[in-house]
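Please treat every number below as a calculation from the coordinates, not as lab data. On a predicted model such as this, the values are computed, not experimentally measured, just so you know. Every residue, glycine as well, gets a Cβ built from its backbone with ideal geometry; the counts of neighbours run over all protein chains shown.
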Amino acid sequence: MKDTYILAFESSCDETSVSIIKNGHDEIATVVLTQMDIHALYGGVVPEIASRHHVESITIVIEECLNKAGMKIEDIDAIAVTYGPGLIGSLLVGMQAAKTLAYLYNKPLVPVHHIAGHIYANNLVQPMEFPLIALVVSGGHTDLVLMEEDYSFKRIGGTLDDAIGEAYDKVARVINVPYPGGPLIDKMAFEGEDTYKLPIPLDDDSYNFSFSGIKSAVINMVHNEEQRGNKIIKENLACSFQNRVTDILVKKTMKALKEYNVHNLIVAGGVAANKGLRSKLEKECKLENIKLCVPNIKYCTDNAAMIGAAGYYAYKLGRTADLDINSKANDSLK
Ligand code: KG4
Ligand code: ZN
């Protein structure tokens, strides 16, 4: 069978990334240019600054990726791009670049939902086996998704308020841990002890999550202690917070696997890099005989390789778009 090469773009937040993926699983080349250091100065992503940097970087990143792969655009079969959700100004830069190349080189354009990309990051590790449950945990999403076959997504539950990554970043901010706080809170959690009494996030029969309660509890507690002149033991607070949120993520995920009689679990999104979450899932999946797949750390946060992997399957299913397609800041996974 002839090989299929996808040139993929990701620019939904603060990473400008271009990748070439063969047959949905072989990474030929990926370039990721992160703006993290710039936004860290402001304690979070500043949308206007992000889109300006995407504009400045995109052509350089495309060229670098093609050089790394030793390929030309003529060798590509289709162009995949994150169309949403994300920051609209950022999304538009990747979309415009993808459309321009699709038009100039007469290549099919394949729009990819950002979360489909995070899910398909797993296909870069090993072929995804269906049916599966995907636990999607990122800066903007916390979802449980049932997939019965390629590119079919059924959301069975999700957060009612803050996304898990957002909760991590806000907790980090209140204890003066620089943006993005998730990875540092994760590291600190292993250096501390679970000594803080924090509320258990929504623990009901549904597959929904709620993290705003625990987030607010942390913020209020830190402020109260500061007013009293008491010192917060940051590592212990990180440990208690991480334990509470990962416990509930693991509990509801394991319940979904059981109820839907599914034996494959994949984890997707930036928070899939979380060591506490990974180790708890590993333990539970071993006990329950569930096959667990977690992307390599470099594929957990935003990158175009995952968009190329998802884009391959979308392309095979004929999910291409005309050049008048628009980016979308919000859109559900379907
Ligand atoms: O998927 P992603 O790169 O961007 C979105 O699509 O949102 O996820 C970024 C989020 C940030 O909130 C970041 O703090 C969080 O993932 N994150 C982590 C870890 N690594 C990244 N959160 C907890 N533990 C980590 N190790
Ligand atoms: Zn993401």
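Computed quantities for the displayed model
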| quantity | calculated |
| --- | --- |
| Separation between Cα centres of the stretch 72-108 and the stretch 22-50, rounded to whole Å | 16 |
| R0 of 30 Å, Cβ-Cβ distance residue 105-residue 49: FRET efficiency to nearest 0.05 | 0.45 |
| Those lysines that a straight Cα-Cα span of less than 24 Å connects to residue 22, excepting residues fewer than 8 apart in one chain | 2, 68, 72, 99, 107, 298, 316, 334 |
| Sequence-separation-based contact order of the chain, relative, with Cα cut under 8 Å and 6+ spacing, percent | 25 |
| Förster-model FRET efficiency, 30 Å R0, residue 232 and residue 330, C-beta, rounded to 0.05 | 0.25 |
| Farthest positive-ward along the stretch 251-323 dipole, Cα basis, beta-carbon charges - from 318, 285, 267 | 285 |
| Computed over the stretch 114-246: relative contact order in percent, which uses C-alpha pairs under 8 Å that are six or more apart | 22 |
| Extended-chain gain in nm, criterion 0.36 nm per residue less alpha-carbon gap, residue 289 and residue 251 | 12.1 nm |
| Prolate/oblate/rounded label for the stretch 1-157 (Cα gyration tensor, a/c 1.5) | oblate |
| Residue 292 long-range amide H proximity, modeled H, under 5 Å | 265 |
| Selected from 304, 116, 217 as most flexible by GNM, with the chain as the system and alpha-carbon contacts under 10 Å | 217 |
| Label-to-label distance, nm, for residues given as residue 317 and residue 204 (7 Å Cα→Cβ offset) | 3.1 |
| Qualifying trypsin sites (Lys or Arg not before Pro) in the stretch 24-110, DSSP loop, other Cβ atoms within 10 Å at most 11 | 72 |
| Contour minus Cα-Cα distance for residue 282 and residue 216 (0.36 nm per residue) | 20.8 nm |
| Computed E for residue 73/residue 148 - FRET, C-beta separation, R0 51 angstrom, nearest 0.05 | 0.90 |
| Helix-only [θ]222 nm of the chain, DSSP H runs n ≥ 4, -39500 (n - 2.57) each, per residue, nearest 500 | -14000 deg cm²/dmol |
| Normalised alpha carbon radius of gyration of the chain [divisor 2.2 N^0.38 Å] | 1.00 |
| Magnitude of the charge dipole, the stretch 150-309, Cβ model with Lys/Arg +1 and Asp/Glu -1, debye to 20 | 220 |
| Label point distance in nm, residue 125-residue 296, each placed 7 Å from Cα along Cα→Cβ | 1.2 |
| Placed amide H near residue 155: partners under 5 Å, 5+ positions off or other chain | 146 |
| DSSP bridge orientation in the chain - percent antiparallel, rounded to nearest 5 | 60 |
| Rounded to whole Hz, the Karplus (6.51, -1.76, 1.60) HN-Hα couplings of the stretch 299-315, x for glycine and proline | 9, 6, 7, 4, 7, 8, 4, 5, 6, x, 5, 5, x, 4, 6, 5, 5 |
| Length gained when the stretch residue 40-residue 26 is fully extended (0.36 nm per residue, less Cα-Cα span) | 1.8 nm |
| Residue among 19, 33, 45 farthest towards the positive dipole end of the stretch 1-54, charges placed on Cβ | 19 |
